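Shown next, in structure tokens, is the structure this report addresses.
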Amino acid sequence: MEQYTITFLPEYKTVTAQSGETLLQVQIRAGLHPDAPCGGKGTCGKCTVLVDGQQVLACQTMVDRDMTVTLPETGENRILTGGLATQCQPDGANRYALAFDIGTTTVVCYLLDGISGCLLAQASTMNPQAQFGADVISRIQEVLTTHTDALKISIRKTLAELCGQVCSQAGIAPADVGTAAVVGNTAMHHLLLGIDPSPLVTPPYMPGVFEALELEDRELLPIGGSVRLLPNIAGFVGGDTVGCMAALRFDRLEELSLLIDIGTNGEMVLGDKNRRIACSTAAGPAFEGAKISCGMRGAAGAVDHVWLEDGQVRWHVIGEDTAVGLCGSGLLDLVAVLLELGIVDESGRLEEKVYKLGDTEVTLTQKDIREVQLAKAAIRAGIELLSEQLGTTLEQIQKVYLAGAFGNYLDPASACRIGMIPPVLEERIHPIGNAAGEGSKLSALSGEEFEYARHLAGGTEFLELASLPEFQDCFVDALEFEEDA
Ligand code: FES
């Protein structure tokens with residue numbers, strides 16, 4: 001096999017590659033963390049690089065000579081770290097505690113004072129597993145087809161790095177940390193622990209491990225004590241949802257409440273102190289920029305809000321920069337505005353071939369609108385069927401808590417205008433920020449809170465939407481946009 005030298009610009013990083021490797025594989029091996037939402041299938045178009053001045057997809061380009069590859073500039077990603085501040089009495093068992101929230105896209109770490117519960121330091125980064133695909137299915141498939149532990153190793157390395165960063169900010173050593181808690185969706189949980197993820201992609205899509213775990217394992221995390229992993233409820237409802245529920249004190253809520261965490265999946269819980277039912281919807285990563293022609297994450301250059309002013313379309317760009325793409329909240333707003341203007345009709349048909357946002361390079365295609373319809377219909381069908389299962393009407397839902405980054409930045413009016421959330425609930429929407437991270441903090445600070453998370457998970461019913469005969473009809477009905485609200 002021939003060996004070649006690949007030079008990546010602008011860093012001038014040089015690596016040796018073998019003929020037949022793709023440029024994406026070489027980038028991953030070189031530790032360059034490329035963006036590869038489709039996991040290298042050649043379908044998302046997000047891995048473009050320049051080779052000899054030509055734009056190519058890195059995942060579809062084989063190494064066949066010495067090459068100089070120019071990588072795209074990447075803006076700083078906006079990572080949500082704040083959220084609810086739930087009252088909690090630390091048990092004081094440890095001087096320092098760490099809490100992690102492993103999202104499919106981002107990872108956040110908090111260092112806490114184990115006596116007062118105060119936040120001492122925090123750090124966040126992108127989930128390095130994104131180079132194997134934006135969604136959990138691509139990553140699970142990567143493990144199942146290659147049988148590598150590259151995903152486990154990469155996330156463990158990231159946790160250790162974040163731990164090192166927050167400890168050095170606070171002037172302590174990782175060994176001084178007595179306990180840590182971790183929340184994440186079920187796939188993140190399994191990939192971190194090296195548990196076989198195949199049950200998650202095989203009916204009935206249940207976790208290999210449900211229960212809460214407390215492990216002393218320096219290879220998992222190099223701290224002085226144990227690591228608590230919140231329990232999973234189902235294959236696609238994991239410890240992050242349990243963390244959100246713990247932060248909301250869900251089993252004490254008097255009012256009928258709906259919790260929605262929209263990430264690369266949409267998990268939701270409907271209920272109150274008497275009964276709780278959870279489900280997950282295959283919303284897909286459209287709202288995180290994947291599968292959308294001009295889609296991108298919430299970083300500098302992303303259009304994050306679009307609105308109408310005196311009949312004119314206006315928009316805001318993160319970092320007040322030149323607009324280069326649309327992040328989830330901007331995408332949602334733009335579709336709502338186009339519906340308002342009649343440029344998109346109720347069936348989702350776009351009047352023009354491509355809609356161009358003013359004088360920017362940002363465009364929206366018919367296919368993009370179809371992706372939004374699929375995502376919003378999945379979420380809406382989940383809401384309708386949960387409420388049916390619980391024997392309530394949509395009007396009876398008193399509070400809608402939106403967790404996660406997308407939920408934090410989206411405009412409730414746009415979410416209701418496109419029908420993702422029933423319009424009757426528009427005034428009852430409350431963003432709660434990184435509630436999963438808050439739940440992780442609670443379990444890090446107190447053994448009783450960890451026990452509480454276990455109890456919450458155990459007392460939550462799970463509804464498998466796909467198994468309901470009415471799911472398909474409900475989903476198809478939800479594909480249409482709402483008539484003018
Ligand atoms: S097109 Fe290359 S990673 Fe998606």
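Read-outs: derived from the displayed coordinates by stated rules, not from any lab. Source: prediction; values computed, not measured. Every residue, glycine among them, receives a Cβ derived from its backbone with ideal geometry; neighbour counts consider all protein chains shown.
In sequence order, the stretch 36-47 has phi-based couplings of 9, x, 8, x, x, 7, x, 9, 8, x, 9, 9 Hz under the Karplus curve 6.51 cos²θ - 1.76 cosθ + 1.60, θ = phi - 60°, and Gly or Pro positions carry x.
Loop-located trypsin sites (Lys or Arg not before Pro) in the stretch 23-74 (DSSP state other than H, G, I, E, B) with a sparse environment of at most 15 neighbouring Cβ atoms within 10 Å: 41, 65. Remark on residue 362: its backbone amide H falls under 5 Å from those of 357, a criterion applied only to residues 5 or more positions apart or on other chains, H modelled at 1.01 Å from N. Whole-Hz Karplus values for the stretch 306-319 come out as 9, 8, 9, 9, 6, x, 9, 7, 10, 8, 10, 10, 4, x Hz, taken residue by residue from phi with 6.51 cos²θ - 1.76 cosθ + 1.60 and θ = phi - 60°; glycine and proline positions read x. The overall shape of the stretch 189-261, judged from the alpha-carbon gyration tensor, is oblate: a/c is not under 1.5, and a/b is no greater than b/c. Shape class of the stretch 30-148 from the Cα gyration tensor (axes a ≥ b ≥ c, square roots of the eigenvalues): prolate, since a/c reaches 1.5 or more and a/b is larger than b/c. Within the stretch 285-368, which chymotrypsin sites (Phe, Trp or Tyr not before Pro) sit in a loop by DSSP and count at most 14 neighbouring Cβ atoms inside 10 Å? Sites meeting the loop and neighbour criteria: none at all.
If a spin label sat at a point 7 angstrom from the Cα of residue 320 along the line to its beta carbon, the backbone N atoms of the stretch 289-309 nearer than 14 Å would be those of 301. Each of 18, 63, 32 was scored by the projection of its Cα onto the charge dipole of the stretch 3-70, and the greatest displacement toward the positive side belongs to 32; charges sit on the C-beta of Lys, Arg, Asp and Glu. By the count of other C-beta atoms within 10 Å, a proxy for reagent exposure, 388, 288 are ordered fewest to most as 388, 288.
For the chain, what proportion of DSSP beta bridges, expressed in % and rounded to the nearest 5, is antiparallel? Here the share of antiparallel DSSP bridges comes out near 65 percent. Of the GluC sites (Glu not before Pro) found in the stretch 74-167, those that fall in a DSSP loop while having at most 10 other beta-carbon atoms within 10 Å are 76. Label the chain by shape, choosing from rounded, prolate and oblate, from the square roots a ≥ b ≥ c of the eigenvalues of the Cα gyration tensor; if a/c is under 1.5 it is rounded, and otherwise prolate applies when a/b is larger than b/c, oblate when it is not. The shape class here is oblate.
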